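First comes the structure, then the notes that go with it.
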Amino acid sequence: MHHTETKLPASCEKDLLDRFLKAEAMALWSVRAAQARDVPSGVLAFLRQHEEDEAEHLREFESRLGVISHRRERLPRVPSQWYALVIHLYGYETLGLEFAKLLVQVQPTLHAILDDEEVHVGFFEKEVLKLLAEGGTVAEKARESAAAWWRKLPLTVDRYLEGDSLEPYRSDLRRVILDAIQERFESIGLLASHREQ
Ligand SMILES: [Fe+2]
């Protein structure tokens, strides 16, 4: 699959950072909330490290933007079943990764964030593959969760692409992000391979 790359100008940096800051805050809270759930052994240690990475990204964005994002008192609701929780975490990491790719286009010094996101996506992808390899109900439920998550994704992406500087690129970026995540989900057999939208 080939995408014509949308080259973003430096003027997009502030809006991208601002949107990514919100996405990372969401990722951080989800990862924090996930630690209270019943997760497979080995996952908890990764979630703790992961939480530190996201907190670090958040501080980096905050200092670049000169803002402090508000801290939530209550953690967001995350699914309690592992097959759904892992899809939730994996999905948002894949989205974070696509944002990180855009961000390094305008700010190459933030490449370490892209590297972290590759690690996060890789970790959850392996966990998803384990569930799919198990087969049966668990694999089926994971696929159902992924399909449900996928259906909500376009609205989420639109929210993340707000900002005046992104206006001329919005529809291209939306397509690039959705295609990248769809291809990833399809390539691991999480989403049935048919293009309908
Ligand atoms: Fe991440």
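Throughout, read-outs are computed from the coordinates displayed, never taken from laboratory work. Model, not experiment: these values are computed from the prediction. Note: ideal-geometry Cβ built from the backbone for every residue, glycine included; neighbour counts use all protein chains shown.
Can you give the extra length, in nm with one decimal, that the chain gains between residue 77 and residue 46 once fully stretched, where that is 0.36 nm per residue apart less the Cα-Cα distance?
Going from the current span to full extension adds 9.2 nm.
What shape does segment 12-96 have by the C-alpha gyration tensor, where a ≥ b ≥ c are the square roots of the eigenvalues, rounded means a/c under 1.5, and otherwise prolate means a/b greater than b/c and oblate the rest? Can you show the working numbers first?
Working: a/c = 2.14, a/b = 1.99, b/c = 1.08.
Prolate is the answer for segment 12-96, as a/c is 1.5 or above and a/b outweighs b/c.
May I ask you to compute the full-extension gain from residue 155 to residue 174, defined as 0.36 nm times their residue separation minus their alpha-carbon distance, rounded to one decimal in nm?
5.8 nm
So for the chain, considering every pair of alpha-carbon atoms, how many percent are separated by more than 30 Å? Intermediate results must be reported in sequence, preceding the final value.
Working: 3585 of 19306 pairs.
Of the Cα pairs, 19 percent sit more than 30 Å apart.
What spacing in nm lies between the two simple spin-label points modelled at residue 138 and residue 56, each 7 Å away from Cα in the Cβ direction?
3.1
Give the longest segment of the chain that steers clear of GluC sites (Glu not before Pro) in DSSP loops with at most 16 neighbouring Cβ atoms within 10 Å, not counting the sites themselves.
74-161
With the dipole of segment 10-187 worked out from charges on the C-beta (+1 for Lys and Arg, -1 for Asp and Glu) around the Cα centre, which of 30, 178, 168 lies farthest toward the positive end?
30
Of 22/152; 22/101; 7/130; 126/152, which sit over 26 Å apart, Cα to Cα?
Over 26 Å apart, Cα to Cα: 7/130.
Name the shape class, rounded, prolate or oblate, that the alpha-carbon gyration tensor gives for segment 145-194, where a ≥ b ≥ c are the square roots of its eigenvalues, rounded holds for a/c under 1.5, and otherwise prolate holds if a/b is larger than b/c and oblate otherwise.
Prolate, since a/c reaches 1.5 and a/b exceeds b/c.
Show me the helices of the chain, taken as full DSSP H stretches, that run 20 Å or more along their long axis by Cα and average 0.5 or above in Kyte-Doolittle hydropathy.
82-106
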